[in-house]
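The values are calculated or read from the model by the stated rules, or taken from the named source; none is laboratory data. Here the structure is a predicted model, which is why all the values come from computation and not from measurement. Neighbour counts are summed over all protein chains in view; Cβ atoms, including those assigned to glycine, are modelled from backbone coordinates with ideal geometry. The protein model used for the area step is the full one, side chains on, heavy atoms only, and it has no ligands, DNA or RNA in it. Shrake-Rupley method; radii C 1.70, N 1.55, O 1.52, S 1.80 Å.
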Amino acid sequence: MNIMKTKSFWIAAIMTLICSVAGVLLAKLPYVNLIGALVIALLLGIAMQLTPASLRNEAQGGIGFISNKFLRLGIILLGFRLNLEKLAAAGVKTILVAAIGVTGTIVLTYWLSRKFGAEDELAILSACGCGICGAAAVMGVSPQIETDNEERKRENEVLAVAVVCVMGTVFTLVEIGIKPLLGLTDPQFGIVAGGSLHEIAHAVAAGGAFGEASLDNALIMKLSRVLLLAPVALIVGYWYQHRLVIESEEEHTKEPKKLPIPWFLGGFILTSVLGTFLPFSPVFLDALVQAAYIFLGMAMAALGVSVNFKVIFKRGGAVFGAAAISSTCLLVFMIIMSKIFF
């Protein structure tokens, strides 16, 4: 039995590693970098569904392990990208603007998604992806949502990732196109890009289009939003647990209340501290961040291999509409903030 499990893991690991490494390499190409390594890995995972069914069935056990454990490992290592000293040097106003933008976007996207008919879990995953840092936020918050239907959960994860990918890519092109009309300096535009675009790749692509000052501000503002991943995941976890307790009380049953502590996000904060205050070389830190994207890419590819997309395409309209409206509102908010405070 253990031999079969080991074989399943290695087959799954090879399949997803190919997708992840290819995603990282392809994301370095012009124009393709607008999509980002994680979304490319997801798309390549989808393509893996064309492999023989016997191979996918053999890999199934390992696919589940990789989508779960490697996801958490990738999030932990991603903390090395977050330099807390740079965020502190940027000032309190950067963190406050990021916090207001993230909170408003999550609340608005969730509310609109529910109004448009999206189910609860899909709405909150899409909202967090749009508000914080795209696919990584979707996958970081998802473990906090307990469900008995794992297949449905995977569908919601993929659809939420698709939403932030499409919206982020569209708004990257829109922001680059309208920059001359906005009357913003290059540093101000960097603040707008980092504060309004979903994936780190989107912020880099837009900010980098107008020089180093723009790119630096885009990264600082974007990483200010990434910093909020841990507290948002805690809040979402507590909220879902609280709702479960209320529902159980309404049904006159008693269930023990568990404190929803995402330990892997504690690791994310720890690696942020270590990467900021220990004398690691830039080359070593970059290698750790690249490893993070490899593990996250493998988790995304595993998601792509196992999900049922026929069902997803039937349920996408509500969250796409909500994300389009909330992304527009976030862009307007960031333009105003950049003119006033930066």
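With contacts defined as alpha carbon pairs under 8 Å and 6 or more residues apart, what's the relative contact order of the chain in percent?
Rounded, it is 34 percent for the chain.
Mean-square fluctuations from a GNM of the chain, with a 10 angstrom spring cutoff on Cα atoms, peak among L159, L219, L55 at L55.
Averaged over its residues, the stretch 93-245 has an accessible area of 34 Å² per residue, based on protein heavy atoms and a 1.4 Å probe.
Which residues make up the longest stretch of the chain clear of trypsin sites (Lys or Arg not before Pro) that lie in a DSSP loop with no more than 14 other Cβ atoms within 10 Å, not counting the sites?
Details: sites that count: K28, K254, K257, K258, K314.
Result for the longest clean stretch: 29-253.
Which entry in (i) 23.6; (ii) 20.9; (iii) 20.3 is this structure's computed Kirkwood radius over Cα pairs in Å? After the calculation, the listed value that fits is (iii). Taking E121, E85, E155 in turn, the Gaussian network model of the chain (Cα-Cα springs below 10 Å) assigns the largest fluctuation to E85.
Net charge around F268, counting only other residues with Cβ within less than 13 Å of its Cβ (Lys, Arg = +1; Asp, Glu = -1)? Taking every Cβ under 13 Å from that of F268, the sum is +2. The modelled label-to-label distance for the pair A89/T185, using points 7 Å beyond Cα in the direction of Cβ, is 1.8 nm. With the charge dipole of the stretch 92-221 set up from +1 on Lys and Arg Cβ and -1 on Asp and Glu Cβ about the Cα centre, the Cα lying farthest toward the positive end among the listed residues P143, G208, A160 is that of G208.
Of the accessible area of the chain, with the probe set at 1.4 angstrom, what percent is carbon plus sulfur? Mind showing how you got there, number by number?
Numbers: 10740 of 15520 Å².
Roughly 69 percent of what the probe reaches on the chain is carbon or sulfur.
Helices of the chain meeting both criteria, an alpha-carbon length of 24 angstrom or more along the long axis and an average Kyte-Doolittle score not below 0.0, with helices taken as full DSSP H segments, are 2-26, 92-115, 150-182, 229-250, 282-306, 317-341. Here the stretch 1-103 is treated with +1 on each Lys and Arg Cβ and -1 on each Asp and Glu Cβ, and its dipole about the Cα centre works out to around 120 debye. Simple point charges give the picture: +1 on the Cβ of Lys and Arg, -1 on the Cβ of Asp and Glu, and for the chain a dipole about the Cα centre of about 260 debye.
Please give the Cα centre distance for the stretch 153-203 versus the stretch 289-309, rounded to the nearest Å. Here the two parts' Cα centres lie 21 Å apart.
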